[in-house]
Structures are given as structure tokens and as C-alpha cells.
Amino acid sequence: MRNKVLSGLALLGAVTLGLSACGSDGGDDVAAGSGGGGGGDDVITVGFAQTGSESGWRSANTESMKEAFSEENGFELVFNAADNDPAAQIAAVRSFINQGVDAIVIAPIVEDGWDDVLQEAQDADIPVILEDRTVTASEDLYATWVGLDFKLEGQKAGEWAAENFTEPTTMVVLEGTTGSAPANDRAEGFDAAIEGTPIEKIDSQTGDFTRDGGKSVMEGFLQKYGVDGIDLVYAHNDDMGLGAIEAIEAAGAVPGEDIKIITIDAVRDGMQALVDGKINYIVECNPLLGEKAAELVKAVLDGEEVDKRTIVEDQAFDQAAAEEALPDRKY
Ligand code: GZL
């Protein structure tokens, strides 16, 4: 357990960094050693509150975080996966506070409801670093955030739709987890980009970022509108898009042709579907945030001034770009 750094670190404004691109095992992991702060003086004990194991993206993010917060890198990791349950995730953070960890990292399932527990962490002089998603709580309640520009991801997806759907188009949306930053921002960015186009959003429902969720919601849309009633699916992540593919094929239609699909993430299974022509466009969302998150934890504990926000850059892929990129993808 390290000595605590005085709280109230001065933090600078935003910066955008390009970081090299980089199976889920939800449930609680306590790192080797005594767990929860029993390491030697120089070992940094970190409590990491992960959302759960809802998607291929999440598995890649968890792997990246566990690799970065390893014993050989000077960490003792107390890991919790909250199974997409916001209350359970807040309870996990409270548990980290009670264990007296040196720092807490959170991938917040939803944006709201964080003020109290973040205040408790600050009162306990434990810095909080957000990775992946953001919160609506005051920026004074956490040291820094590293993640992706979800609004820009939605905008890129919407711009491709606007360029490629110039005739009257009916679209259904598979939303991410209700109340999560990526679901809110990807919708906002996309909707702004298709403003004034002939693309009509006829329905929108959450599939909770899961493949099963995307499949069951798409089955409902197909029953309601019929294959001929839907031209385009915008899925907030690959996993829900892959579930929609299953539903479209079960309905006797051809995904990527009869019904076009746009998704976000660019995980391996999504990129393979893009190469196979079942998905038509994917905007990347880089899950390899572990290295940067670990750097930020060490910098904050060392009392260094860190930027309040570190945004990891994303790419976008059509079928040709996916064919070229797939062999070298790290996730
Ligand atoms: C985005 C991340 C989202 C992914 C989903 O940074 O929070 O959560 O897009 C994941 O695949 O479940």
C-alpha cells in the first residue's frame, strides 16, 4: 500500500492523444498476494469496477486492463465485474473504499448516480480514475478520465449513412445500455449527422449492448414492420448488430443486402461480419485503454498534474478496409 497523495490535485484541460490500436471473466477477481491492499510498500493496490462482461468489446477492455494492472507492473488488482448492474457497481466501489485501496478505476455502467460514492472516495483520500465511459458527476470528484469520443463515433456512423442512403429509408436503432454515455452520445452524434436526410428512424430500443439483446429486439422489429419495412439497422455496438444478423437470417432475409447494418466497436466478430458483407460499415471504439489507465493511476498517485480527459482516437471501416485490417487486429 502506497502513501496517499494529497487530494485536490490541480488538473489541466483536455487533450487528444492518438494511442496505438491496440473471454470475459466477470465476477470478483482478487489479485495474487493478500488482496485489497495487503501488498508491499511499493505495490499499488487498485480496485477496478468493470461494467460486467456484456460484449466482445468488454472482454477486450478487461483483458487490456488486467494486463496493464499486473503484478510485474507494480500493481495489485482487486477486480469486480458488476454484471451490468449499476447498484452492484456502486457497492463494489464502496467495498474498495472500505478496503483502503490506493486508487479506484471505474468503467461506469451509467452516467448518473455517482456523486455520493465519488464524494466518499474523495473523503477517504482515494483518487478515482474513470476509464471508457463518463459520468455526469462534477469533474472535481474524479482525478481524470481516459476513453473514446462516443458522440464522434455516432457522427461518423451517421455521416456514412447520410452519404449512402439518399432515397427514402426506414431505420431501426438497437440502443446500448439505457443511461450509459455511449448509448446517449452515439444516438446524439448519429441523429445530428442524418438531420435533413431521407432516413427516417421508425423505432429505437435498447438491446443492452448484448448479442442476445440485439437479436430479441430485432425479432420484435421484424414482427412489427416486416423485412420489407426495414431498410437499415443502426446498432450502438457490434454485438447487437451480430444478434440482428441472426434475427434477419431467421426471417429469411439477407443481412447487409435486404437490410443494411451499421455498427460501432470493430471487434473481431464484427469485422469478420463486415468482411462477409453481413454488416456494411463499422466505426471503431478502441478497448485497449489499460496502458494509459495504468499510466494515469501512477501519475495521479505521484502527485503529477494530469489532463482531465484523455481521448483515444478511433478509425472507421468499410468492407475493403476491414479485409485489409482484420489479420492484424489485436481484438
Ligand atoms: C464503449 C463501451 C461500450 C461498447 C460496447 O466504450 O462502453 O460498452 O461499445 C460495450 O460493446 O459493451
The stretch 153-173: number of residues that are farther than 22 Å from residue 112 by Cβ, within 16 Å of the ligand (Cβ to nearest atom) and in contact with a strand residue (DSSP E or B) (Cβ under 7 Å, 6 or more places away or on another chain): 2
Single condition residue 112 does not satisfy, out of (1) within 16 Å of the ligand (Cβ to nearest atom); (2) surrounded by 24 or more Cβ atoms within 10 Å (Cβ to Cβ): (2)
Failed item, numbered, when residue 189 is tested on (1) buried (at least 18 other Cβ atoms within 10 Å of the Cβ); (2) assigned to a strand (DSSP E or B); (3) more than 12 Å from the ligand (Cβ to nearest atom): (2)
The stretch 53-69 residues that are of a type in the set (A, V, I, L, M, F, W, C) and part of a helix (DSSP H, G or I), paired with ones that are at pLDDT 95 or above and within 14 Å of the ligand (Cβ to nearest atom) (beta carbon under 6 Å, 6 or more apart): 57/265; 57/267; 57/287; 60/287; 65/290; 68/290
The stretch 201-226, residues that are within 23 Å of residue 52 (Cβ to Cβ), aliphatic (A, V, I, L, M) and touching a helix residue (DSSP H, G or I) at 6+ places or on another chain (Cβ under 7 Å): 218
Residue among 121, 91, 137 that alone is of a type in the set (Gly, Ala, Ser), out of contact with any strand residue (DSSP E or B) (no Cβ under 7 Å at 6 or more places or on another chain), assigned to a helix (DSSP H, G or I) and not assigned by TED's automatic domain parsing to the domain that holds residue 186: 91
The listed residue being under 15 Å from the mean Cα position of the chain (by Cα), more than 22 Å from residue 304 (Cα to Cα) and either surrounded by fewer than 22 Cβ atoms within 10 Å (Cβ to Cβ) or within 16 Å of the ligand (Cβ to nearest atom) (or both), out of 95, 180: 180
Matching helices (runs of 4 or more DSSP H) fully within the stretch 243-331 where at least 2 residues are under 30 Å from residue 128 (Cα atoms): 290-301
Residue that is farthest from the ligand (Cβ to nearest atom) [pool: residues in the stretch 208-232 that are part of a helix (DSSP H, G or I) and of a type in the set (Val, Ile, Thr)]: 227
Any pair with Cβ under 7 angstrom, 6 or more apart, that starts in the stretch 103-130 at a residue that is under 23 Å from residue 295 (Cα atoms) and ends at one that is basic (Lys, Arg) and more than 16 Å from the ligand (Cβ to nearest atom): 125/4
Criterion (crowded, with 23+ Cβ neighbours inside 10 Å, outside the structural domain of residue 75 (by TED's automatic domain parsing) and under 20 Å from residue 153 (Cα atoms)) met by exactly one of 274, 326: 274
Residues of the stretch 195-207 that turn out to be part of a loop (DSSP other than H, G, I, E, B) and surrounded by fewer than 23 Cβ atoms within 10 Å (Cβ to Cβ), as a count: 4
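The values are calculated or read from the model by the stated rules, or taken from the named source; none is laboratory data. Keep in mind that what you see is a predicted model, and the values were worked out from it rather than measured. Backbone-built Cβ (ideal geometry, glycine too); neighbour counts: all protein chains shown.
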